[in-house]
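Asks: Starting off with a structure, shown below.
Read-outs throughout are calculated quantities, based only on the coordinates presented, and are distinct from any laboratory measurement. What you are looking at is a predicted structure, and each value in this text was computed from that prediction instead of being measured. Positions of Cβ are backbone-derived with ideal geometry, glycine not excepted, and every protein chain shown enters the neighbour counts.
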Amino acid sequence: MPFTTLRKVRFQHCDPAGIVFYPRYFEWLNSVVEDWFAEVVGHDFNELHVASRTGVPTAIFVADLIENRARVEIEATAVLPENQ
């Protein structure tokens, strides 16, 4: 089941033409991944990386802009055992 959240698109996220500066999408993606780990998986994202020295790869990234909001959705499609 996808984990979905909305992020408000602010003036600071846009270039002078009013278009979202593309690196912002990846900032939003990372914040949603951190929220997903905290709210769904029950693990602190910082703890996972710093203390456990575990990484989390991202295979696909999709975001939709709806007026002045970005809908960011993540879905875990596979969880591989360690060492794979």
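Asks: Could you list the residues of the range 12-34 with an amide nitrogen less than 16 Å from a label point located 7 Å from the Cα of L48 in the Cα-to-C-beta direction?
Replies: Answer for the range 12-34: 27-34.
Asks: Sort 18-30, 46-58, 1-13 by packing, meaning the average of other beta carbons within 10 Å per residue, with the highest value first.
Replies: The packing order, highest mean first, is 18-30, 1-13, 46-58.
Asks: Each residue of the range 39-47 in order: what ³J(HN,Hα) in whole Hz does its phi give by Karplus 6.51 cos²θ - 1.76 cosθ + 1.60, θ = phi - 60°, with x for Gly and Pro?
Replies: Karplus-based 3J(HN,Hα) across the range 39-47 equals 8, 9, 7, x, 10, 6, 4, 5, 4 Hz.
Asks: May I pose another question? What list of ³J(HN,Hα) couplings, whole Hz, do you get for the range 6-20 from phi and the Karplus terms 6.51, -1.76, 1.60, once you set θ to phi - 60° and write x for glycine and proline?
Replies: So the J values, rounded to whole Hz, are 10, 10, 6, 7, 9, 3, 5, 7, 10, 7, x, 7, x, 9, 4.
Asks: Amide H of V9 versus every other amide H placed in the peptide plane: which residues, excluding those fewer than 5 positions away on the same chain, fall under 5 Å?
Replies: R69, A70
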